[in-house]
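As structure tokens, the structure follows; a few thoughts come after it.
The values are calculated or read from the model by the stated rules, or taken from the named source; none is laboratory data. No experiment lies behind these values; they were computed from the predicted model shown. In this analysis, Cβ positions are derived from the backbone assuming ideal geometry, glycine residues included, and neighbour counts consider all displayed protein chains.
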Amino acid sequence: MQRIVVLCFLGLLGALASSPLLAQTGAANYPVKPVKLLVPFPPGGPTDVAARVFAQSLADALGQQVTIDNRGGAGGTVGAGVAAREPADGYSLFYGSTSTLAMAPHLYASVPYDPVKSFTAVSLVARGPMVLVVNPQEGVSTLGELIALAKARPGTLNYGSGGTGTPLHLAGELFKSLAGIDAVHVPYKGAGPAMPDLIRGSISFMFISPAGLGALVQGGKVRALAITGPQRVPGLPDVPTSAEAGMPALAVSTWNGLVAPAGVSKDILARLNQAVHAAVKSDTLQKALTRLGVDPVGSSPEEFAAFVREQHARWGDVIRKAGIRPE
């Protein structure tokens, strides 16, 4: 009788060990150790700064430390490739962006990841508009006037950006395509070095983040013609949106979002999504991102996955029309 009881007990343990309930124990307790957030750009840049503030708010929501792992190179594709090869256990995450998940795959002949298939979308984190600004000496005050000037002087206006293939560059290419104008692209090593040349008149116009732009506009150093977001921004209340200025198709944004390696469990995905929503509601993150010119946002995994697919297709079309060849 005792032997039968022991066998029954062992059988029960075996059944429990193979049950879905016990198999999900790791997911249910997630996270039980620090989580790594891989950032595909060097320390100190705008993406890294935003990621670090987000990491702290995410850590508060998860109840575990979130460490930053910077893996820069090749427009963010090196870091994205590393992230795609990480275990799908929820302890290695990737801070994706417009550049890495939508643009870079079209700008490089080969990238070590697929922006859709290599990752499981968790949530959109931040999203912000760009502002089209011009040198006041060009004598234009509206988007329509800039287009008219460019058509009257084809190929003579030039515009700056933070580098070839960056969101600021591709926003300029989209504008050229929509307006039917010819303007010369002048790449810089970041938007910061381009601004003095815009003020001096070495370049005619450029797209830039609204962060800190208000003082330059109010001081007459540059003139803002349009906001590419769906609504006006607090620091530039008199500047119309691109839709209000007559070009609704110029509604574009820069964004960041959290993804995990493909195959992460539904339980961990749900926990991460919940944590992101808590993080973006924190005062610390909201204030920090607002200073960077972006708004904290959250989404469902399904919404973010659809958004990445749409952005990947849209910017691929812009790059092909602009004739930008993969490196």
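Inclusion of residue 39 among residues that are under 28 Å from residue 315 (Cβ atoms), among the aliphatic types (A, V, I, L, M) and crowded, with 22+ Cβ neighbours inside 10 Å is warranted.
Since residue 166 meets every condition but one in (1) over 14 Å from the mean Cα position of the chain (by Cα); (2) in the same structural domain as residue 221 (by TED's automatic domain parsing), which condition does it not meet? With respect to (1) over 14 Å from the mean Cα position of the chain (by Cα); (2) in the same structural domain as residue 221 (by TED's automatic domain parsing), residue 166 is out only on (1).
When only residues in the range 146-159 that are in contact (Cβ under 8 Å) with a residue 40 or more places away in the chain and farther than 23 Å from residue 98 by Cβ count, which is surrounded by the most Cβ atoms within 10 Å (Cβ to Cβ)? Please lay out each step first, then the result.
Just the residues of the range 146-159 that are in contact (Cβ under 8 Å) with a residue 40 or more places away in the chain, to begin with: 146, 157-159.
Add one more test, that the residue is farther than 23 Å from residue 98 by Cβ, and what stays is 146, 157-158.
On the way: 146: 26, 157: 21, 158: 16.
Result: 146.
Only one of the listed residues (138, 86) is within 30 Å of residue 28 (Cβ to Cβ) and not small (Gly, Ala, Ser). That residue is 86. Of all residue pairs spaced 6 or more apart or on separate chains, those with beta-carbon atoms under 7 Å, a first member in the range 107-133 that is farther than 19 Å from residue 313 by Cα and a second member that is among the acidic types (Asp, Glu) are 126/295; 128/295. Hand me the list of strands (runs of 3 or more DSSP E) wholly inside the range 201-287 holding 1 or more residues that are β-branched (Val, Ile, Thr), over 30 Å from residue 135 (Cβ atoms) and modelled with pLDDT of 95 or more. Output list reads 253-261.
Can you pull out the residues in the range 273-290 that are crowded, with 18+ Cβ neighbours inside 10 Å and within 18 Å of the chain's Cα centre (by Cα)? Across the range 273-290, the qualifying residues are 273, 276, 279, 280, 285, 288, 289. If I filter the range 141-152 for residues that are modelled with pLDDT under 95, touching a Leu at 6+ places or on another chain (Cβ under 9 Å) and not aromatic (Phe, Trp, Tyr), do I get at least one hit? No: zero hits.
Residue-wise test of (1) hydroxyl-bearing (Ser, Thr, Tyr); (2) in contact with a His (Cβ under 7 Å, 6 or more places away or on another chain); (3) closer than 20 Å to residue 305 by Cβ.
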{"residue": "67", "(1), (2), (3)": "yes, no, no"}
{"residue": "83", "(1), (2), (3)": "no, no, yes"}
{"residue": "99", "(1), (2), (3)": "yes, no, yes"}
{"residue": "128", "(1), (2), (3)": "no, no, no"}
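Considering the range 22-50, the residues that are farther than 16 Å from residue 97 by Cα and assigned to a helix (DSSP H, G or I) include one that is modelled with the lowest pLDDT, namely 22. When you scan the range 160-176, do you find a residue that is surrounded by fewer than 19 Cβ atoms within 10 Å (Cβ to Cβ), touching a residue at least 12 places away in the same chain (Cβ under 8 Å), touching a strand residue (DSSP E or B) at 6+ places or on another chain (Cβ under 9 Å) and more than 17 Å from residue 134 (Cα to Cα), even just one? The answer is yes, given that some residue of the range 160-176 is surrounded by fewer than 19 Cβ atoms within 10 Å (Cβ to Cβ), touching a residue at least 12 places away in the same chain (Cβ under 8 Å), touching a strand residue (DSSP E or B) at 6+ places or on another chain (Cβ under 9 Å) and more than 17 Å from residue 134 (Cα to Cα).
Per this entry, residue 203 is counted among residues that are in contact with a strand residue (DSSP E or B) (Cβ under 6 Å, 6 or more places away or on another chain), touching a residue at least 40 places away in the same chain (Cβ under 8 Å), more than 24 Å from residue 74 (Cα to Cα) and not assigned by TED's automatic domain parsing to the domain that holds residue 104.
Annotation note: of 147, 68, the sole residue that is out of contact with any Gly (no Cβ under 7 Å at 6 or more places or on another chain) and assigned to a strand (DSSP E or B) is 68.
From the residues in the range 199-215 that are more than 25 Å from the chain's Cα centre (by Cα) and of a type outside the set (Lys, Arg), which one is surrounded by the fewest Cβ atoms within 10 Å (Cβ to Cβ)? Give the derivation first.
First, pick out the residues of the range 199-215 that are more than 25 Å from the chain's Cα centre (by Cα): 199-204, 215.
In the following step, the residues that additionally are of a type outside the set (Lys, Arg) were identified as 199, 201-204, 215.
Details: 199: 18, 201: 11, 202: 13, 203: 24, 204: 23, 215: 9.
The qualifying residue surrounded by the fewest Cβ atoms within 10 Å (Cβ to Cβ) is 215.
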